[in-house]
Amino acid sequence: FFRDSEIAVIPNPVEKDPEIIEKDYITIDILYVGALSGHKGTDILIRAFRELGDDNMRLHIVGRGLDEDKLKALSGDDERIIFHGFLEGEELSGMYAKANVTVVPSICYENSPMVLYESFAHSTPVIGSNLGGIPELITEGYNGFLFEPGNKDELKSILKRLVEDPSILKELEKNAYESAKKYTLKEHIDKLERIYNNLSEEYHG
């Protein structure tokens, strides 16, 4: 309907920490935040994680949903997988701050997931499905990695690389924090004001 219209894409705003968060790598903490339902690909993440037998890694799953019992059954007796339920505020912020990497394994088209913005704001890189709006925010090897949606083996390979060589994470963390600077509330408001001003000038022009 609007083929000849000018389009402006404005990312979601997020407040970042005033300084980059220092992480430790004694245990590699992998974080998932979102609904526990099939279209989110959480089962793919659990399967990929379980095939990695390293004891120095943990998978933290934050959220709730219709598939929660199925996902817990899929996790079996793997004590490295921890379900935290629904978290918000300081509790959720603490999970992002602790995490070494966040995974967004969606198999559905996501528009502009807040999880990515929130993760970057806590100096945490993201591994995400190369689908929808996710690759618009993740730059391969800069602030995270992309994998083919639903490809368990490709996700497992990325996780294995990071667990075996945590030094890779240090640069990713710095770049994730730098990425968050583009999505502050001030930047968001400035972009909106520029758009409104341009529209006003065109209308009154």
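The values are calculated or read from the model by the stated rules, or taken from the named source; none is laboratory data. Nothing here was measured: the structure is a model prediction, and the numbers come from that model. Glycine also receives a Cβ, built like all others from the backbone with ideal geometry; neighbour counts cover every protein chain displayed. Side chains are part of the model used for accessible areas, which takes the heavy atoms of the whole protein and leaves out ligands, DNA and RNA. Shrake-Rupley method; radii C 1.70, N 1.55, O 1.52, S 1.80 Å.
With a Förster radius of 35 Å applied to the C-beta separation of K160 and E136, the computed FRET efficiency comes to 0.85. The residues of the range 33-180 present an accessible area of 44 Å² per residue when probed at 1.4 Å with all protein chains retained. Relative protection proxy for 88-96, 120-128, from highest mean packing down: 120-128, 88-96 (other beta-carbon atoms within 10 angstrom). The translational diffusion coefficient of the range 139-179, from Stokes-Einstein at 20 °C and 1.002 mPa s with a Kirkwood hydrodynamic radius over alpha carbon pairs, comes to 199 µm²/s. A compact globular protein would have a Cα radius of gyration near 2.2 N^0.38 Å; the ratio found for the range 100-153 is 0.99. Relative to the globular-protein estimate of 2.2 N^0.38 Å, the Cα radius of gyration of the range 50-143 stands at 1.12.
By definition, a body whose alpha carbon gyration tensor gives a ≥ b ≥ c is rounded when a/c is under 1.5, and the range 29-187 falls into this rounded group.
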